[in-house]
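Visitor: Let me give you the structure first, and then I'll get to my questions.
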Amino acid sequence: MHRFIIFFLITLVVSGPIYGTHVLGVGADKERSIISGYLKDKNGNPLDYLMLIGTGEHFDKNKWEILNFLNHLDSKKKRFDSDKKFLEYVFYKVHSKYLRSFEPLTDFSEILKQGKYNCLTATAYYAIILEYFDFHYELIELTHHIYLKVNLDQQTILLESTDPVNGFIGNSSDVEAQLMAYNLSTNESLSDDNFDAKPVDLYQLIGLHYYNLAIKSFKADDLRKSYVAINKALIFHKSPKLFTFLNFLLEETNFTPIEKALVLQSINLS
């Protein structure tokens, strides 16, 4: 009996009716398909994942918008005599065209629908662009923030997605000062969160988007939706802070101790 329950909990995340909780219709089918694919071969198009988090509405329209914008940037690239100048153009073009209103805990697709963004969704958009143009970059996760470090031939630039005025940091002394500021903010929060700044990949970034959705749902008193979102988050990013939130969430529910143990075991997917 216990073996059946464990199997059921493992498969529920990717095949059960929970997809209807916050992704409807065709979007639910797409999300189920791409997460199942990720579980099989740890692959897939990160852009597809990002656009399905939340409601999953207007998937095809939003994807076409982004691909069309990438083609537009590609047509402009040859006008610049250096990658640094091109990236500076890209940074401010994205802000002027898409990133109009900072709002915590928004979904990625809200960038396209309403111009709403936060550090996570905006950084993800820049990462998609950098990936498209084959730039070597790092996504650096801090305790409550994330930023991009781009490594050019003999130079490092930073993209601080939440700063529309000075967020492109290309001067070497400014880069050094900003990195020191990031390190300082991380050190100040270590006593509370026991968290070190570390690089994450695009798939782990997807997990952080689901984590944000879990927090957003919890604040809206939708514990079921929050529970589903944090389970999906842990498929992509088995981070201690995500497990901490799951444990907190389980304390807010009426699960028995054995049910909690089974749930924790079921999400330890590989």
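Visitor: Of the conditions (1) assigned to a helix (DSSP H, G or I); (2) out of contact with any strand residue (DSSP E or B) (no Cβ under 7 Å at 6 or more places or on another chain); (3) at pLDDT 70 or above, residue 205 clears all except one; give me its number.
Guide: Status for residue 205: all satisfied but (2).
Visitor: Taking interchain pairs and intrachain pairs at least six residues apart, which have beta carbon atoms under 7 angstrom, with the first residue in the range 221-232 and closer than 18 Å to residue 35 by Cβ and surrounded by fewer than 24 Cβ atoms within 10 Å (Cβ to Cβ) and the second among the aliphatic types (A, V, I, L, M) and at pLDDT below 85?
Guide: 231/13; 231/267
Visitor: So in the range 183-202, with the set limited to residues that are part of a helix (DSSP H, G or I) and touching a His at 6+ places or on another chain (Cβ under 8 Å), which one is modelled with the lowest pLDDT?
Guide: Only one residue tops the list, namely 189.
Visitor: Residue check, residue 106 against (1) in contact with a Leu (Cβ under 7 Å, 6 or more places away or on another chain); (2) hydroxyl-bearing (Ser, Thr, Tyr); (3) in a loop (DSSP other than H, G, I, E, B), all met but one. Which one?
Guide: The failed condition is (1).
Visitor: Next question, about the same structure. Can you confirm whether the range 104-126 contains a residue that is surrounded by fewer than 16 Cβ atoms within 10 Å (Cβ to Cβ), touching a strand residue (DSSP E or B) at 6+ places or on another chain (Cβ under 6 Å) and closer than 22 Å to residue 203 by Cα?
Guide: no
Visitor: Still on this structure, I have one more. For the condition at pLDDT below 90 and either among the basic types (Lys, Arg) or out of contact with any Pro (no Cβ under 7 Å at 6 or more places or on another chain) (or both), what is the one hit in 242, 264?
Guide: The conditions single out 264.
Visitor: Suppose we filter 225, 232 for residues that are modelled with pLDDT of 90 or more, in a helix (DSSP H, G or I) and among the basic types (Lys, Arg); which single one remains?
Guide: Being modelled with pLDDT of 90 or more, in a helix (DSSP H, G or I) and among the basic types (Lys, Arg) holds for just one of 225, 232, which is 232.
Visitor: So which of 157, 169, 111 is within 21 Å of residue 49 (Cβ to Cβ) and not charged (D, E, K, R)?
Guide: Answer to the selection: 111.
For every residue, the table says whether it meets (1) of a type in the set (S, T, N, Q); (2) over 26 Å from residue 68 (Cα atoms).
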site	(1), (2)
84	no, no
91	no, no
97	no, no
111	no, no
114	yes, no
127	no, no
143	yes, yes
160	no, no
164	no, no
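Visitor: Could you count how many residues in the range 219-236 are farther than 19 Å from residue 106 by Cα and not hydrophobic (A, V, I, L, M, F, W, C)?
Guide: 0
Visitor: Scan the helices (runs of 4 or more DSSP H) fully inside the range 1-99 and keep the ones with 3 or more residues being among the aromatic types (Phe, Trp, Tyr) and at pLDDT below 95.
Guide: By residue number, 2-15.
Visitor: From (1) modelled with pLDDT of 95 or more; (2) touching a Leu at 6+ places or on another chain (Cβ under 8 Å); (3) of a type in the set (D, E, K, R), pick out the condition that doesn't hold for residue 116.
Guide: (2)
Visitor: Now, a different point. Take the range 136-163 and flag every residue that is within 25 Å of residue 242 (Cβ to Cβ) and in contact (Cβ under 8 Å) with a residue 40 or more places away in the chain.
Guide: 138, 139, 140, 141, 142, 143, 144, 145, 146, 159, 161, 162
Visitor: Go through (1) in contact (Cβ under 8 Å) with a residue 24 or more places away in the chain; (2) in contact with a helix residue (DSSP H, G or I) (Cβ under 7 Å, 6 or more places away or on another chain) one by one and return the number of the condition residue 111 breaks.
Guide: (1)
Visitor: Quick one: in the range 69-96, which of the residues that are in contact with a Phe, Trp or Tyr (Cβ under 6 Å, 6 or more places away or on another chain) and of a type in the set (D, E, K, R) is farthest from residue 148 (Cα to Cα)?
Guide: 77
The values are calculated or read from the model by the stated rules, or taken from the named source; none is laboratory data. Quick caveat: nothing in here was measured; it's all calculated off a predicted structure. Quick reminder, even Gly has a Cβ in these numbers, built from the backbone with ideal geometry, and neighbours come from all protein chains shown.
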